[in-house]
1. Select from the range 154-189 the residues that are under 14 Å from the mean Cα position of the chain (by Cα), under 21 Å from GLY112 (Cβ atoms), assigned to a loop (DSSP other than H, G, I, E, B) and of a type outside the set (A, V, I, L, M) and list them in ascending order.
2. Can you name the residue in the range 120-153 that is over 26 Å from TYR85 (Cβ atoms) and part of a loop (DSSP other than H, G, I, E, B) and is also modelled with the highest pLDDT among such residues?
3. In the range 56-102, which residues are surrounded by fewer than 18 Cβ atoms within 10 Å (Cβ to Cβ) and among the aliphatic types (A, V, I, L, M)?
4. Residue by residue through the range 184-204, note down the ones that are more than 24 Å from PRO56 (Cα to Cα) and open to solvent by less than 20 Å² (accessible area, probe 1.4 Å).
5. Which members of the range 163-183 meet the condition of being aliphatic (A, V, I, L, M) and either surrounded by 12 or more Cβ atoms within 10 Å (Cβ to Cβ) or touching a Pro at 6+ places or on another chain (Cβ under 9 Å) (or both)?
6. Looking at the structure I just gave you, is SER44 open to solvent by 50 Å² or more (accessible area, probe 1.4 Å), within 22 Å of the chain's Cα centre (by Cα) and modelled with pLDDT under 95?
7. Suppose the filter is among the small types (Gly, Ala, Ser), in a strand (DSSP E or B) and either crowded, with 18+ Cβ neighbours inside 10 Å or at pLDDT 95 or above (or both); does GLY105 pass it?
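The values are calculated or read from the model by the stated rules, or taken from the named source; none is laboratory data. None of the values given here were measured: they were computed from a predicted structure. All Cβ positions, even for glycine, are placed from backbone atoms using ideal geometry, and neighbour counts span all protein chains on display. These accessible areas exclude ligands, DNA and RNA; they are computed on the full protein's heavy atoms, side chains included. Shrake-Rupley method; radii C 1.70, N 1.55, O 1.52, S 1.80 Å.
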Amino acid sequence: MPSSTTRFFAALFVGLLSSSLTTAQTYDATHNVTSLEGTWSSGSGSVLTGPGFANPVNFTFEYPATTGISYSFTVERLSDGSDGYFEEAQYRFQGNGSRPTCIVGVVQWQHGTYTLNADGSMTLNPFAADGRQQVQDMCAAKSNIIQQFNQTTLFANWNIYQDTTKGYKLQLYRFDGAPLSPIYQVSTTPNMLPTELLTNTTVNTVVIQNDSSRRETSILPMLGVAGTAMLMGLVTVL
């Protein structure tokens, strides 16, 4: 007959196993009814990943008509164990409670690999050198800043539902469980820039002054002659 100690550890193991199973990602007719692969966009679909949003090589963005977020995913087992490549595009406004007219516009882009974790979460691991973010604040002394952007992201959970009017809907949840705006599948083929490191750049900040006749930067690129030539006309390299 098993001892009380043996029974205790057996009960503990079953409890832990049950807990892990309840937190794992669900795959059924209600959740994740289609593949994650493709391009997804929120709202009107103005914000889309791919070549029409950001060019990380020359530090430029094409501003969409409206704000929103977009993600694209491939589904393939990579050599490092990742589950595929991702690309992220965001365009948003941030309010200022003390100065309501001082709205800040932010566009950001990054890409890299992602991993579907056993607990149902998803981790985005960007290519650090390629991410770009532009912040425009007309009330700030330096009102238009373009900088490198690198943010590893953990989604606590994710689900794909069938929406009766818009089709497949991907719901992502922040690390704290708060839902992001739902995004809808606009293409089953991922609309992405090349899924590889596109730059080899160390950059602090690019600052574009309001006065178009004068541009200042604190950029310290390590691009070589060709890369520096690409940046000329956008900034003055110090």
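1. Selection gives ARG174, PHE175.
2. Ranking the candidates gives CYS139 first.
3. Correct list: VAL57, ALA65, VAL75, LEU78.
4. Residues of the range 184-204 more than 24 Å from PRO56 (Cα to Cα): 184-185, 188.
Across the range 184-204, there are no qualifying residues.
5. Taking the range 163-183 as the starting set, the residues that turn out to be aliphatic (A, V, I, L, M) are 170, 172, 178, 180, 183.
LEU170, LEU172, LEU180, ILE183 - these are the residues of the range 163-183 that are aliphatic (A, V, I, L, M) and either surrounded by 12 or more Cβ atoms within 10 Å (Cβ to Cβ) or touching a Pro at 6+ places or on another chain (Cβ under 9 Å) (or both).
6. Values: open to solvent by 50 Å² or more (accessible area, probe 1.4 Å): yes; within 22 Å of the chain's Cα centre (by Cα): yes; modelled with pLDDT under 95: yes.
The answer is yes for SER44.
7. Values: among the small types (Gly, Ala, Ser): yes; in a strand (DSSP E or B): yes; either crowded, with 18+ Cβ neighbours inside 10 Å or at pLDDT 95 or above (or both): no.
No: the conditions fail for GLY105.
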